[in-house]
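Single-structure report; data block below.
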Amino acid sequence: MTVPGGRSAIRRRDRDPRLDSADAGLGRRTDSARGESQFHVDPWSLRETSLDVEALARTESLFALSNGHVGVRGNLDEGEPYGLPGTYLNGFHERRPMPHAERGYGFPEDGQTVINVTNGKILRLLIDDEPFDVRYGELRTHERVLDFRAGLLVRTAEWISPAHQPVVVRSQRLVSLSQRAVLAVRLQVDVFDDPARVVLQSELVANEGLPTKTGDPRVAAALDHPLESEESGVHEAGAHMVHRTRRSGLRMAAAMDHEAISDADLSMQAEANEDWARVTFSTSLKPGQSMSVTKYVAYGWSATRSVPALRDQVAAALTGARDAGWDGLVAEQRGILDDFWDRADVIVDGDPELQQAVRFALFHVLQASARAERRSIPAKGLTGPGYDGHCFWDTETFVLPLLTHSVPDAVSDVLRWRHSTLDVARLRASQLGLAGAAFPWRTIDGAECSGYWPAGTAAFHINADIADAVVRYVASSGDDDFEADVGLELLVETARLWRSLGHHDDTGGFRIDGVTGPDEYSAVADNNVFTNLMARRNLRAAAASCGRHPREAGTLGVDTEEMASWRDAAERMAIPYDEHLGVHPQAEGFTSHAAWDFSRYDPVDEHPLFLHHPYFDIYRKQVVKQADLVLALHLCGSEFTLEQKRRDFEYYEAITVRDSSLSACTQAVIAAEVGHLGLAYDYTCEAAFMDLHDLEHNTDNGLHLASLAGAWIALVAGAGGLRDDEGLAFAPRLPEGIRQLCFGVVRGPARLRVDVTPDEVTYTVHGSAELEFTHHGEQITLAAEESTTRSVPAAPDLPRPAQPPGREPRPRRDLSVRPAHAPPRLG
C-alpha cells in the first residue's frame, strides 16, 4: 500500500514580526481575523488538519490535557519540534529571589515559579534509523483532534521518511480524570511498501531546556535546571526518577511502564541516568504490519514525604493504571465527561463557532479543576507557565461561578485550599498592621508574590472576592458543614481585615482608602466602589454566618459587639456618586481626573498601555484597563437601579480599553442587561475566542482560564440573565443570530434546565427538590420534574455606545449558520 498523495501537511506562514511581541493587543489582526485557520468548526472537538510549525507554542496550549493535578502541554509525541515544552504538577514550584531596586517594609523577599517537571510524553520514533521528524522527509497528512466528550488528544500522521519509507503514525493521549496521578499514551506505527526496522524510544526527561522569553511581566520567569536528582532506576519495561527542588525543598517522582504489541518479534532495553530514563523497543516490520506501545506515566510530589515513599506512591499509581488498562482508562474518562456534560453543557443554536468555543472553554475549565483536590486553580490552569503559574482573584471571581453551578465539589476544594493558607494570610495582615487575614494578590503556596505594591497588595478586594465565592457556594449547595468548618472562618477573618482597613470619618461614614480595585490603570484610590460594595457584602455575610453558627463563631472569638461593628460598617459604607454627571465614579474623585487623550496614541501598536506609557500618566487619567465599576454592576447588581446601570455602563464603555482578558465577559453581561444585545454578543465572542483566535497574541504561554470561564458567564449571565447575589434570578434575552440557548444550573439536590428562544423560555427542574427563582422579576416555584414556560420581553431600542477609538469589539456580522467544517472566522 502506498500512502495517498497530496500537498505537504506542514504550514509555514510569512509572519508579521510584530505578532511575535507578547505586548500585541486586541487591535492587531490575527490569522483568524483574515479567515485563515487550521481548525475546523465542530461542536464536540477541536480539529487541526495541517501542522503550522511556527504556531506550535499556541497549539500546544490549545491541545493541553490536565486533570487539575497533572497537566501536559500538547507537544508532539516525538518531542521535537516544539514551541514550549511543558509538564506541570499543581502547586509544585521553585522559589527565586525577588530583588527590589528600592527596598520597602512588607515587600516580598521571594517569588515562586511553576516548574516544568519531568516530561513523560516523549515517544521518539525511528524508521530505518531516520528519526520521525515532521520537519524532514514529507508529511503527507497530519491531523490532531481534541475530543471534548472522550477527553482524548488523537493524532494521525502520514509520513514518508527521507529514505522514501512511508508510515502512518497514530497516537492517543489522556490525562486521567479518574486516576489523578496518571498520564497515558498509546502510539501505533503502520509500515507500507517496503520492510522497515522500527525503533521506539520512550523517555522520562528532567530539566528540559526551555526557550528564552521576552521581558513581558506576564511571562514566566525562567529557571535553569531547577531539579536535583535524588534517585533513578529501571525495572523490566519501566523506569522511575525522583528529583528535588533546590530552594523550595519540594520533592517529585515520575515513573513509567509499558505494554507493547507487534506483528513481528520485539526486543526491549531500559536504561537511566540522573535526568533521563529510556525504554527502547525495536522490531522489523513487513509491509502491512504494525507495532503498538501503550505508555503509562505516574506523577507525585510532596513537601514532606521521603524518596522511598514517593517512589512507592508512583509505583502504586502505575499498578492502578495497568490494572485498568488503556481501554479501562478511556471508559472511565468517558463516563466522567458524560456526567459533566449532562450537568454543564451549554447549547448555542445559530452560531456553530461559538458553540464549539464554549464547549472548548468548559472542557478546559473542568480539566483545570476536576482533580485539583485542595490546590489552587492557576490563571493559566496547567496549560503553560504564564504568570509563573500563580493563582489570582480570577479564580474566585470568574472560574468558581461556573463551577458553583456545575461542579460544586471543585469549588469546595479550592476554598478549602484558601482556608489552608489562613495562617500565612494572618501573618501577612499582621505585617501590614491589620487584623484578620490578608490573602495574597498572586501566589502558589499562599505567600504573597507580587513585588509591585499598587497593583498587588493594595488590591485588597481579593479578600472580599474569596468571601463572595464562599457566600455563593453555600447559597447554591446548601453545604452547612462546609460553612461551619471552613466558610465561617474565611468570612470572619476577611471581615476583620475590612473593619481594620477602613475607618469611620467625622460624619460617621465608613471609608476604605488607599486601595486598588480591579482596574489596574487606577491605583491606591479612596473608596473604590467595587471594593467597598464587596466589602459590605463580606461584612454582612460574616455577621449572618456567625448568627447561624454561634458555637463555631465563639470559638473564633467573635462576640456580639464585633458583629455589630461589622453591620454598622456595612450600613455606613461610603459609595461615591457623581451628582453632576449622574454616574458612579470608579473611585472617589475618578470622574474629576483628566480625560485620557485617545488621539495621541496608536490603538494598534500601543497596547497594552502599561508597556507603552508610564504608570504615572495612566494612574491620573480617566482610562480603564478592565471592567471595575461595571463588574460591581454585575456582582452587586441589587445595589443599583436599571437606569444607573445603563448610565454607568455607557460612561465606562467610552474609556475602557480592555487591556485585560478579564473584561469582555463582564461587559457582555451588563450590555445584555441594559439592552445592548448586539454589543453583548460581540463581547461574548471576544471572551470565547480569546485563545482559539489568540486575540492577545500570548496564548503561547497558556490559556486564559478566566476568559474561558468568561465565555460561560457571558452566555449564562448575559444572554441567560442569571444572577445569584440575592437568590436565584433569570432575565434572559437573546441577541440576533442566536436562535436558542440552553444551559443548566445545579442548585443543591436540584438541577434547573433553562431553554431560551427569542420569544420564550422554558424552565425545567430535575432532581429531588423544588426550586424557587425569578423570571424578569416574577417569582416562580417549581416542584421536582416540573416545568413552566414564560415569555421573554423585548429589549429596549438603544443607540450603541461608543468605545475608545480602535478598541471596539469586532462585530459578529455574518450570523448565518455556516457549514460544520467551515473555517472559524471572527468579524
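The values are calculated or read from the model by the stated rules, or taken from the named source; none is laboratory data. Please read these numbers as outputs of a predicted model, since none were measured by experiment. Note that we place each Cβ from the backbone using ideal geometry, even for glycine, and neighbour counts take in every protein chain shown. These accessible areas exclude ligands, DNA and RNA; they are computed on the full protein's heavy atoms, side chains included. Shrake-Rupley method; radii C 1.70, N 1.55, O 1.52, S 1.80 Å.
Which residue out of P749, P758 is within 20 Å of H676 (Cβ to Cβ) and more than 22 Å from the chain's Cα centre (by Cα)?
From the options P749, P758, the qualifying one is P758.
Inside the stretch 533-549, can you point out the residues that are touching a helix residue (DSSP H, G or I) at 6+ places or on another chain (Cβ under 8 Å) and either open to solvent by 10 Å² or more (accessible area, probe 1.4 Å) or over 20 Å from G517 (Cα atoms) (or both)?
R536, R537, R540, A541, A542, A543, S545, C546, G547, R548, H549
If H580 satisfies all but one of (1) assigned to a helix (DSSP H, G or I); (2) under 30 Å from L609 (Cβ atoms); (3) open to solvent by 40 Å² or more (accessible area, probe 1.4 Å); (4) not hydroxyl-bearing (S, T, Y), what's the number of the condition it fails?
That leaves (1) as the condition not met.
Could you grab me the full set of residues in the stretch 682-713 that are touching a Leu at 6+ places or on another chain (Cβ under 9 Å), under 22 Å from D605 (Cα atoms) and of a type in the set (S, T, N, Q)?
Those that are touching a Leu at 6+ places or on another chain (Cβ under 9 Å), under 22 Å from D605 (Cα atoms) and of a type in the set (S, T, N, Q): T699, N701.
This table checks each residue for (1) among the aliphatic types (A, V, I, L, M); (2) over 24 Å from P385 (Cβ atoms).
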| position | (1), (2) |
| --- | --- |
| T656 | no, yes |
| D659 | no, no |
| Q667 | no, yes |
| A672 | yes, yes |
| G678 | no, yes |
| C685 | no, yes |
| L692 | yes, no |
| L695 | yes, no |
| T699 | no, no |
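Count, please, the residues in the stretch 273-285 that happen to be among the hydrophobic types (A, V, I, L, M, F, W, C) and either closer than 13 Å to T118 by Cα or modelled with pLDDT under 95 (or both).
Qualifying residue count for the region: 2.
Kindly check whether there is at least one residue in the stretch 731-742 that is closer than 19 Å to L400 by Cα, touching a residue at least 24 places away in the same chain (Cβ under 8 Å) and crowded, with 24+ Cβ neighbours inside 10 Å.
Scanning the stretch 731-742, I find no residue that is closer than 19 Å to L400 by Cα, touching a residue at least 24 places away in the same chain (Cβ under 8 Å) and crowded, with 24+ Cβ neighbours inside 10 Å, so the answer is no.
For the stretch 478-501, which residues satisfy the criterion of being farther than 19 Å from R428 by Cβ and touching a strand residue (DSSP E or B) at 6+ places or on another chain (Cβ under 8 Å)?
Selection gives nothing.
Restricting to the stretch 494-509, give me the number of residues that are farther than 13 Å from I462 by Cβ, not small (G, A, S) and not in a loop (DSSP other than H, G, I, E, B).
Summing the residues that are farther than 13 Å from I462 by Cβ, not small (G, A, S) and not in a loop (DSSP other than H, G, I, E, B) in the stretch 494-509 gives 4.
Go over the candidates R28, R7 one by one and state the one that is surrounded by fewer than 18 Cβ atoms within 10 Å (Cβ to Cβ), at pLDDT below 95 and either in a loop (DSSP other than H, G, I, E, B) or among the β-branched types (V, I, T) (or both).
R7 is the lone residue from the list that is surrounded by fewer than 18 Cβ atoms within 10 Å (Cβ to Cβ), at pLDDT below 95 and either in a loop (DSSP other than H, G, I, E, B) or among the β-branched types (V, I, T) (or both).
I'd like to know if the stretch 774-782 contains one or more residues that are open to solvent by less than 50 Å² (accessible area, probe 1.4 Å) and within 33 Å of the chain's Cα centre (by Cα).
Yes, the stretch 774-782 contains at least one residue that is open to solvent by less than 50 Å² (accessible area, probe 1.4 Å) and within 33 Å of the chain's Cα centre (by Cα).
Do we have R747 as among the charged types (D, E, K, R), buried (at least 18 other Cβ atoms within 10 Å of the Cβ) and closer than 24 Å to V471 by Cα here?
yes
Out of curiosity, is G104 modelled with pLDDT under 95 and under 28 Å from G249 (Cβ atoms)?
Spelling it out, G104 is indeed modelled with pLDDT under 95 and under 28 Å from G249 (Cβ atoms).
Keeping to the stretch 227-260, report how many residues are of a type outside the set (D, E, K, R) and open to solvent by 20 Å² or more (accessible area, probe 1.4 Å).
7
Which helices (runs of 4 or more DSSP H) does the stretch 620-731 wholly contain that include 3 or more residues that are within 23 Å of the chain's Cα centre (by Cα) and either under 30 Å from A57 (Cα atoms) or among the charged types (D, E, K, R) (or both)?
Those helices (runs of 4 or more DSSP H) span 663-674, 677-688, 705-713.
Take D480 and tell me if it is more than 30 Å from Q622 (Cα to Cα), modelled with pLDDT of 95 or more, under 22 Å from the mean Cα position of the chain (by Cα) and surrounded by fewer than 24 Cβ atoms within 10 Å (Cβ to Cβ).
So D480 does not fit the description; no.
Can you spot a residue in the stretch 109-117 that is of a type in the set (S, T, Y) and in a loop (DSSP other than H, G, I, E, B)?
Within the stretch 109-117 (the criterion being of a type in the set (S, T, Y) and in a loop (DSSP other than H, G, I, E, B)), the answer is no, since none of the residues qualifies.
So which residues in the stretch 385-411 are part of a loop (DSSP other than H, G, I, E, B) and touching a Pro at 6+ places or on another chain (Cβ under 9 Å)?
H390, F392, W393
Quick one: V293 ticks every box in (1) among the β-branched types (V, I, T); (2) free of Cβ contacts under 8 Å to residues at least 24 places away in the same chain; (3) open to solvent by less than 10 Å² (accessible area, probe 1.4 Å) except a single one, so which number is it?
Every condition holds for V293 apart from (2).
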